[in-house]
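Beneath this line is the structure, given in structure tokens, with notes to follow.
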Amino acid sequence: MTRTVVVVGTGGAGLATAIAAAEGGARVELVDKQAAIGGMLHIANGEFSGAGSRRQAERGIEDSPQRHLAEVQRISHGRVDADLAELSVRHQGELVDWLDDLGFEFHPDCPGLIHGHEVYDVPRTYWGVEHGRSVITVLERLLLDQVRAGRIRMHLSTTMTGLRRDGDRVVGVEVERDGEAGVIGGDAVVLATGGYDANLELRNRFLPEHCHSVLVGCLDHATGDGLVLAEQLGAAVSADGIFLPVMGLIPDPERPRHAVDYREAFVEMAPAYRTPHEIWVNKDGRRFVAEDTTSPERRERELLRQPDNTMHVVFDAGVVEHAPVSLIRNPADEWTPERFAAACETSPWVTRGDSLEELAERLGVDAEALGQSVAAYNAGVESGQDELGRTTLPRRLDRAPYYAITTVAASILSRDGLAVDTGMRVLDTDGQPISGLHAVGEVLGNNKFAGDNYVGGMSITPAMTLGRLLGSRLAAAQPETQAESHPVKESR
Ligand SMILES: Cc1cc2nc3c(=O)[nH]c(=O)nc-3n(C[C@H](O)[C@H](O)[C@H](O)COP(=O)(O)OP(=O)(O)OC[C@H]3O[C@@H](n4cnc5c(N)ncnc54)[C@H](O)[C@@H]3O)c2cc1C
């Protein structure tokens, strides 16, 4: 008998699961509360990682899953879920080849070394010409094939509001669409609902208290619904107390506690991509890290020690005139030095002052401290000896007007999540599987794959890799119940 698999979420995890399940012969009910598929892939850099791919071999890069796993352990300080990380990494190279076979539009520079997180030992990171959207493009094609073949039924703009049980077994999801309630039944339910970072109350349950003011840097759909509903059924949820921010996001003047959309603008912090011409000061007006520090982790941890996890990027007219690249970037590389210079005069993201004192006053920073920080930096430029050990010292900051861009640490993905075994079965607080319930993707929490750091590609790639494994396995398993559905409305 054909199995019915209910997949909730159409991000990388849900799409990979649904497609694999349908290709394996299952009937799939695919639910998403949004009107369009893709989830966080719409905003993500879309960097994924995998070892032993054909693209690596063609370029003479020697690599293996074992070597990749050793790197994941090194960068995560050995704090990943060893079994899940091993399972994922073992198959990630195959995922890269699979995307290759599908005609994925790789950026010509990949596999590459990426400097936004701690750098891997060999190039094993890949990304598309349109970043996360390139992944959506190939998966959507496969999805539509399965929809046309009648193996996947789509339920967009449909919100999962509950998990339906028959005895101890999860047999479907309760949904709502346009205010109308319904049930979508299946032999297995897969929660691929992503993280919780857009839900401040839930997010701050997991963040250390001194990080509660960090900005939301992800899209609004990440409200933790799957985690909350599974927890109500007794699922175990990690609480590791780990947090590492993303740097460079700009507070949105129109949306308190949220960052300006990453696709529009952020301050590039990595010296591999932009030589710093400015200094960074905290809310006390003091520098706290050498701005050319190459380790992202070091920069991120230093920011977490600063008051309100806030910093000001301070520069002068000389930087605006001479810095060869804009301090502000976006993934589409739309920020030219000319556009940046114009923004310095008009943008609400930039604070201006005709003197350092005026700038300090507008920032609410102690003027004397800021003056001392700039004077000490300028002395370092003259002597070649910076007090924080910075070695990139392009020019003094001494030409009015002075400027600052305030940036605040941000959370972009959830660190904690549902406990699962290597069959992606959701576990209860006694470590027993909750019958019929599975989870994959960011709903598991990124700590399982990145420990207490960011590890290149180790969110999107496990989401898709383990989703594919799960979908195939669910299609092959024996049906345990007769699926029963009365969805609200059929769509597509
Ligand atoms: C700016 C940014 C850059 C990033 N860059 C990278 C990167 O380069 N590499 C990397 O590995 N990771 C990156 N990440 C993280 C990565 O994008 C995510 O962790 C990953 O895409 C999550 O995939 P997912 O399928 O688990 O969840 P999502 O993509 O978030 O999808 C979840 C889906 O579930 C749906 N949903 C949620 N609740 C319900 C409900 N109640 N009912 C119905 N549907 C529901 C949502 O609408 C959504 O479509 C980045 C994140 C951000 C914000």
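Taking the 1.4 Å solvent-accessible surface of the chain as the whole, the part contributed by carbon and sulfur is 46%. With respect to the chain, whose longest principal axis is taken over its alpha-carbon atoms, helix 12-23 is tilted by about 30°. Between helix 460-476 and the chain there is an angle of about 0 degrees, using the helix long axis and the longest principal axis of the Cα atoms. In order along the stretch 334-340, phi translates into HN-Hα couplings of 9, 9, 7, x, 5, 5, 5 Hz, rounded to whole numbers, per the Karplus curve 6.51 cos²θ - 1.76 cosθ + 1.60 with θ = phi - 60° and x for Gly and Pro.
The simple Förster model, with R0 at 30 Å and r as the Cβ-Cβ distance, assigns Gln385 and Glu297 a FRET efficiency of 0.70. Annotation: extensible slack from Ala341 through Leu113 equals 79.1 nm (criterion: 0.36 nm per residue apart, minus Cα-Cα distance).
Shape call for the stretch 319-400 from the C-alpha gyration tensor, a ≥ b ≥ c root eigenvalues: rounded (a/c under 1.5), prolate (a/b greater than b/c) or oblate? Since a/c reaches 1.5 but b/c is at least a/b, the shape of the stretch 319-400 is classed as oblate. Extending 7 Å from the Cα toward the beta-carbon at both Glu231 and Ser157 defines two label points whose distance is 3.1 nm. Placing a label point 7 Å from the Cα of Ala181 along the Cα-to-Cβ direction, the residues of the stretch 133-163 whose backbone N falls under 16 Å from that point are 159-163. For the chain, the ratio of Cα radius of gyration to the globular rule of thumb 2.2 N^0.38 Å stands at 1.03. Applying 1/(1 + (r/R0)^6) with R0 = 30 Å to the Cβ-Cβ distance of Asp100 and Leu144 gives a FRET efficiency near 0.90. Measuring nothing but how far apart in sequence close Cα pairs (under 8 Å, 6+ apart) lie, relative to its length, the chain scores a relative contact order of 26 percent. Residue by residue, the stretch 77-86 carries 3J(HN,Hα) couplings of 6, x, 10, 6, 6, 4, 5, 5, 5, 4 Hz when phi is fed to the Karplus relation 6.51 cos²θ - 1.76 cosθ + 1.60 (θ = phi - 60°); x denotes Gly or Pro.
Computed over the stretch 266-408, the P(r) tail beyond 25 angstrom holds 19 percent of alpha carbon pairs. Look at where the Cα atoms of the stretch 392-433 and of the stretch 216-252 average out, and the two centres are 10 Å apart. With N as its number of residues, the stretch 355-396 has a Cα radius of gyration that, divided by 2.2 N^0.38 Å, comes to 1.26.
Relative contact order of the stretch 266-408, taken over Cα pairs closer than 8 Å and 6 or more residues apart, is 33 percent. What FRET efficiency comes out for Glu58 versus Ala400 if R0 is 45 angstrom and r is the Cβ-Cβ distance? Round to the nearest 0.05. That pair, Glu58 with Ala400, gives E of 0.25. With a cut-off of 12 Å on the backbone N, the residues of the stretch 396-427 near the modelled label site 7 Å out from Arg352 along Cα-Cβ are 401-404. As a rough guide to protection, the peptides 107-113, 467-473, 283-289, 441-447 ranked by mean Cβ packing within 10 Å, highest first, stand as 441-447, 467-473, 283-289, 107-113.
Could you list which residues have their amide H under 5 Å from that of Ser64, counting only those 5 or more apart in sequence or on another chain, with H placed in the peptide plane? Under 5 Å from the amide H of Ser64: Gly52. Farthest towards the positive end of the charge dipole of the chain, among the residues Leu69, Ala188, Ala410, is the Cα of Ala188, using unit charges on the Cβ of Lys, Arg, Asp and Glu. Peptide packing: for 63-75, 421-433, the average count of neighbouring Cβ atoms within 10 Å per residue gives the ranking 63-75, 421-433, highest mean first. The H on the amide N of Arg165, modeled in the peptide plane, is under 5 Å from the matching H of Val171, each at least 5 residues off or on a different chain. Highest-first packing order for the peptide set 165-176, 385-396 is 165-176, 385-396, based on the mean count of other beta carbon atoms within 10 Å. Give the residues of the stretch 71-114 whose amide nitrogen is closer than 19 Å to a point set 7 Å from the Cα of Glu130 in the direction of its Cβ. Only 99-110 fall inside the zone, counting backbone N under 19 Å.
The values are calculated or read from the model by the stated rules, or taken from the named source; none is laboratory data. Quick caveat: nothing in here was measured; it's all calculated off a predicted structure. Quick reminder, even Gly has a Cβ in these numbers, built from the backbone with ideal geometry, and neighbours come from all protein chains shown. Side chains included, ligands, DNA and RNA excluded: accessible areas come from the protein's heavy atoms. Shrake-Rupley method; radii C 1.70, N 1.55, O 1.52, S 1.80 Å.
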